[in-house]
1. Please go through the range 40-50 and pick out each residue that is at pLDDT 95 or above and open to solvent by 40 Å² or more (accessible area, probe 1.4 Å).
2. Are there helices (runs of 4 or more DSSP H) fully within the range 218-289 with at least 3 residues that are under 24 Å from residue 205 (Cα atoms) and of a type outside the set (Asp, Glu)? List them.
3. Looking at 171, 207, which one is part of a helix (DSSP H, G or I), more than 25 Å from residue 223 (Cα to Cα) and open to solvent by 10 Å² or more (accessible area, probe 1.4 Å)?
4. How many residues does the range 99-137 hold that are open to solvent by less than 30 Å² (accessible area, probe 1.4 Å) and polar (S, T, N, Q)?
5. Does the range 58-66 contain any residue that is modelled with pLDDT of 90 or more and touching an Asp or Glu at 6+ places or on another chain (Cβ under 6 Å)?
6. Restricting the range 308-332 to residues that are of a type outside the set (Val, Ile, Thr) and more than 17 Å from residue 293 (Cβ to Cβ), which is most open to solvent (accessible area, probe 1.4 Å)?
7. Among the candidates 212, 243, single out the residue that is open to solvent by less than 30 Å² (accessible area, probe 1.4 Å), over 18 Å from residue 277 (Cα atoms) and in contact (Cβ under 8 Å) with a residue 12 or more places away in the chain.
8. When both residues are 6+ apart or on different chains and their Cβ atoms are under 8 Å apart, which pairs have a first residue that lies in the range 343-366 and is touching a residue at least 60 places away in the same chain (Cβ under 8 Å), and a second that is aromatic (Phe, Trp, Tyr) and not in a loop (DSSP other than H, G, I, E, B)?
Amino acid sequence: MKLIFFLIAFCLITIRFYFSWTGKVREKRGLSESNMVIKSDNFYEEINYLGKFQLSDDESGFKSISPGGYFKFRLNDVKVKAESNMRGEIEYKIYDGKNDIPMNEEGKSIVSKAVHEMIYWGYDAEERVERVYQKGGSQALINEMDSVKPDFVKILYLNRLFSIDSLSPETKGLVVRKINSLGSDMDKSQFINKITAAQFKNPSITTACFDIIKGMGSDMDKMNSLHHIIDQDSLGAANVIVILNLGNNMGSDMDKSNLYGELIDKGHIKDSLFDSVAVLVSKMGSDMDKMNLYNKLLGTNPITENQWIILINHSSTLGSDMDKANTLSEIAKKMPRTDPIKAAYTKAAKTIGNDNDYGRVMRALE
């Protein structure tokens, strides 16, 4: 019995080693290999190939396939099979969904579509990116991105496009919009983080980035992207409003607090934006986050009389008497002693039920 178990284990190890070894041999020999199936209720696509392939110049067919190599394609009922015999001669079998057809114009058209599917799913992707660029420049790469399918291939195209320093602002805007074709929010965020402060001065790029961020499902990736944009110090008031609205739609008060706090620290909250932030903060659920942000707002300059009153009124809505007293006492250290501001302050103090905290707040006014 022990001998049987030993032999089974040895066979499994041998099989695993064999597949690993054959894969490495194929790689060393420069063979391309793929086994891909995609299917749904009314769709079926399959691409299988193994060998060394040389495509025609227009990528509509094969110049050569290494002896013993093959290419098999199926799209629903349409099938293409190209096999190379030991002399390197390619034999085609083409089925249009109803009949077998020869390598005539119709057959060549079907083969061309099959070969392009092979390409768009990633065959020879790295080398092809450079060929496309050398032949048609950046616009050709942009156009190809509408056809290539896996994210790893799209990323190759985007990396090549981002490496081109001579892109016009209009073209760079088109490139940034292509980021949205990626399926992963993390990948989208990583490309947004490659955009420089100078490039963010291009309105089309900034708008494209905000559209991408808005569509992200992950708050973490949204935050990473927005922090990068804020760090570039190239924000106008309109862009700050967009960031505030994006932050307001996040689920976590901590994320909102970090985002609003960074905008305040960077000096982006001025004029009417002070009012907007004060309102957004007041809607947050965490009193601790509210207090921290109200204290940060105290450091902005200038603060109008009406804004002091807004800040005082929002502070009076905190749930804890101690939190109200602490926040109002901090406000009293910096606020002007105009009659309207003192009246608002006194009114807010009266919302405190604890006598000790109330007394502390009123003494801060003296």
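The values are calculated or read from the model by the stated rules, or taken from the named source; none is laboratory data. Bear in mind the structure is a predicted one, so any value in this text is a computation, not a measurement. Ideal geometry is used to build each Cβ from the backbone, glycine not excepted, and the neighbour counts take in all protein chains shown. What goes into the accessible areas is simple: the full protein's heavy atoms, side chains included, and nothing from ligands, DNA or RNA. Shrake-Rupley method; radii C 1.70, N 1.55, O 1.52, S 1.80 Å.
1. Result: 43, 44, 46.
2. Fully inside the range 218-289 and qualifying: 219-231, 237-248, 253-265.
3. Answer to the selection: 171.
4. 1
5. Checking the range 58-66: not a single residue is modelled with pLDDT of 90 or more and touching an Asp or Glu at 6+ places or on another chain (Cβ under 6 Å).
6. Ranking the qualifying residues of the range 308-332, first place goes to 322.
7. 212
8. Pairs found: none.
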